[in-house]
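What follows is a single structure, written as structure tokens, with notes after it.
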Amino acid sequence: MLLWPLLLLLLLLLLPLALLRQQRSQHARWAWLASLQHHVAWGALGWAASWQRRKLEQSTLQVGQSQQQALRWCLQGAQGPRSPLRGSTDTSTFRNRLPLTKASQAQEEDSGGQVPPATSPQYPGEASLQATLLGLVALNKAYPEVLAPGSTACVTLTSPWPSPLPWLGHALGRVSPAGAKDPVALLLEALRSPGLRALEAGTAVELLDVFLALEADGEELAGAIAAGNPGAPLPGRAAELRQALEQGPRGLALRLWPKLQVVVTLDAGGQAEAVAALGALWCQGLAFFSPAYAASGGVVALNLWPEQPSGLYLLPPGAPFTELLPVKEGVQEEATSTLLLAEAQEGKEYELVLTDRVSLTRCRLGDVVRVVGTYNQCPIVRFTCRLGQALSVRGEDIGEDVFSEALGRAVGQWPGAKLLDHGCVESSILDSFEGSAPHYEVFVELRGLRNLSDENRDKLDHCLQEVSARYKSLRFRGSVGPARVHLVGKGAFRALRAALAAYPSSPFPPEMPRVLRHRQLAQFLQRRVVS
């Protein structure tokens, strides 16, 4: 309860800061106040984070009791026809009475061929608050100067912090304008600030789109900065922007912001490809940090180790109630029983199962994790793939991770090519298998290669046969046709994501679908094929 008085004090201290932002000419006079507010903000933030850290330590040391409390919380909040279960917190009864529910392979399919209506994605719950508070403190410890006043900017309308506190941007002196609803305004403010040390974006694919937009509209943005729209005219900074863009994408972020140290994005399914593209080109030489892993059920795992580059996450034992479904060879046997967090074995793979508090639904998320260690009694995991993103035209079941490996191998054999994005469609979706065996239609967006030769296209099919014996056997018998590769024009996937974002009940954001199962979206890419 002490947290609320501290937050109230913080809000009262923030009122002069808002005035300060409107009177930039008096910055020197008010610098002491901004410094005071920053220290007070970090004092409150540190206190709240310490409290959450103690709670996390206790819950992970007593994981069985913590999961029992999480289950009780879910049952007490349940509504609807399954409400009689509220009186029981026995795990066996819970499992027997409530069957597992499979998450839709794609929300597009649930709509009967129609694009679903818009909803507002949110990340409620204690895990979101823990991820935000503990992530900020961990980030500040790993990179002590990145959260100093004026050192951070968010360039997307969505935040990488799953529980963005309303006072956080003001308290930490972020350069991003408060309440901005125009992504261009966010980017302009970041570009006007050469001293940034941390760059934030909702997800990696959203940040990729920001850099693609920066390249496409760089001259217009430079003109706005030179003219003072918004703020004071900065012709020198505009010249720096033009010069940085002229040198190409590789290392662009560090040319724009020489003090930049880390990129902060929220991790989710389908983001690894964008992280790789950013790290190889625009954000070369920078560290990446994600405070949490988000799925359709909200925040499912926390990142307490920003210095680790490989994306390690802790599965917390609190609400929502989490179970683990053992996975063998990328598929799930229906008869397998779920496990609790303390029963996870290192080296094994599991599908996450979350219980929804409102409808009391045990939902298989499709997100697969590999256990790589433990923190007290809770598993530390690395996310490997999403079962709902598998390709299968003859029962071969090519998983998301397997296909990505094959595509990476193929692109590595295309001289000068860098993969920016890809999407897959089973031929039946586009009715493109008439007169031929069913196959995959693969759409790729590249840097460094303008055309694909037939020889390069064939390399993907060869690589798929190398990574999947089942696919190779079906190809040998002629039951499956060769994968067809199409090169799409610049910005095709950026436009696709804009279409997806207009219907937030689709997985994006935060998840980026790699297998499109709705014909309208597949045709969206098909119309943008250039080779």
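Taking the stated definitions as given, is Arg477 among the charged types (D, E, K, R) and either crowded, with 16+ Cβ neighbours inside 10 Å or touching a residue at least 24 places away in the same chain (Cβ under 8 Å) (or both)? When the stated conditions are applied, Arg477 does not pass them. Being outside any strand (DSSP E or B) and either basic (Lys, Arg) or without any contact (Cβ under 8 Å) to a residue 12 or more places away in the chain (or both) narrows it down to one residue among Gln345, Gln284, Gln308; which is it? None of the others qualify; the one that does is Gln308. Per the listing Ala277, Ala301, Ala319, Ala239, the residue uniquely open to solvent by 10 Å² or more (accessible area, probe 1.4 Å), on the phi < 0 side of the Ramachandran plot, small (Gly, Ala, Ser) and outside any loop (DSSP other than H, G, I, E, B) is Ala239. Of the residues making up the range 501-531, those that are assigned to a helix (DSSP H, G or I), closer than 22 Å to Ala213 by Cβ and open to solvent by 10 Å² or more (accessible area, probe 1.4 Å) are Ala501, Leu521, Phe524. Checking the stated criteria, Val442 turns out to be in contact (Cβ under 8 Å) with a residue 12 or more places away in the chain, outside any loop (DSSP other than H, G, I, E, B), closer than 15 Å to Val530 by Cβ and in contact with a strand residue (DSSP E or B) (Cβ under 7 Å, 6 or more places away or on another chain). Across the range 389-420, which residue is farthest from Gly347 (Cα to Cα) among those that are open to solvent by 20 Å² or more (accessible area, probe 1.4 Å) and of a type in the set (Gly, Ala, Ser)? Checking each candidate, the answer is Gly416. Residues that are among the acidic types (Asp, Glu), in contact with a Ser or Thr (Cβ under 7 Å, 6 or more places away or on another chain) and part of a loop (DSSP other than H, G, I, E, B) within the range 194-226 are absent altogether.
So which residues in the range 34-54 are polar (S, T, N, Q) and modelled with pLDDT of 90 or more, if there are any at all? Give the steps one after another, and end with the answer.
Going residue by residue through the range 34-54, those that are polar (S, T, N, Q) are 35, 37, 50, 52.
Listed by number, the residues that qualify are Ser50, Gln52.
For Gly373, the conditions (1) out of contact with any helix residue (DSSP H, G or I) (no Cβ under 7 Å at 6 or more places or on another chain); (2) open to solvent by 50 Å² or more (accessible area, probe 1.4 Å) all hold with the exception of (2). The set of residues in the range 36-54 that are within 16 Å of Ala138 (Cα to Cα) and open to solvent by 60 Å² or more (accessible area, probe 1.4 Å) comprises Trp47, Trp51, Arg53, Arg54.
Residues are listed down the side, and each one gets a yes or a no for (1) within 11 Å of Val264 (Cα to Cα); (2) open to solvent by 10 Å² or more (accessible area, probe 1.4 Å); (3) at pLDDT 80 or above:
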residue	(1), (2), (3)
Thr156	no, yes, yes
Ser159	yes, yes, yes
Pro166	no, yes, no
Arg174	no, yes, no
Leu188	no, yes, yes
Arg192	no, yes, yes
Ala198	yes, no, yes
Gly202	yes, no, yes
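Results for (1) at pLDDT below 85; (2) closer than 23 Å to Pro326 by Cα; (3) open to solvent by less than 40 Å² (accessible area, probe 1.4 Å); (4) not in a loop (DSSP other than H, G, I, E, B), shown as yes or no for each residue.
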site: Leu56; (1), (2), (3), (4): no, no, yes, yes
site: Gln65; (1), (2), (3), (4): no, yes, no, yes
site: Ala70; (1), (2), (3), (4): no, yes, yes, yes
site: Gln79; (1), (2), (3), (4): yes, no, no, no
site: Arg86; (1), (2), (3), (4): yes, no, no, yes
site: Ser104; (1), (2), (3), (4): yes, yes, no, no
site: Glu108; (1), (2), (3), (4): yes, no, yes, yes
site: Val115; (1), (2), (3), (4): yes, no, no, no
site: Thr119; (1), (2), (3), (4): yes, no, no, no
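Residue pairs whose Cβ atoms lie under 9 Å apart, sitting 6 or more positions apart in sequence or on different chains, and linking a residue in the range 260-272 that is closer than 14 Å to Trp282 by Cα and in contact (Cβ under 8 Å) with a residue 60 or more places away in the chain to a partner that is of a type in the set (Asp, Glu) and open to solvent by less than 10 Å² (accessible area, probe 1.4 Å), are Val263/Glu200. The sole residue among Ser436, Ser427 that is of a type in the set (Ser, Thr, Tyr) and open to solvent by 10 Å² or more (accessible area, probe 1.4 Å) is Ser436. Take the residues in the range 248-266 that are open to solvent by less than 10 Å² (accessible area, probe 1.4 Å) and in a helix (DSSP H, G or I), then tell me which one is nearest to Pro291 (Cα to Cα). Ranking the candidates gives Ala253 first.
The values are calculated or read from the model by the stated rules, or taken from the named source; none is laboratory data. Owing to the predicted nature of the structure, the values given are computational and were not obtained by experimental measurement. No Cβ is skipped: glycine too gets one built from the backbone with ideal geometry, and neighbour counts run over all protein chains shown. Keep in mind that these areas ignore ligands, DNA and RNA; they rest on the heavy atoms of the full protein, side chains included. Shrake-Rupley method; radii C 1.70, N 1.55, O 1.52, S 1.80 Å.
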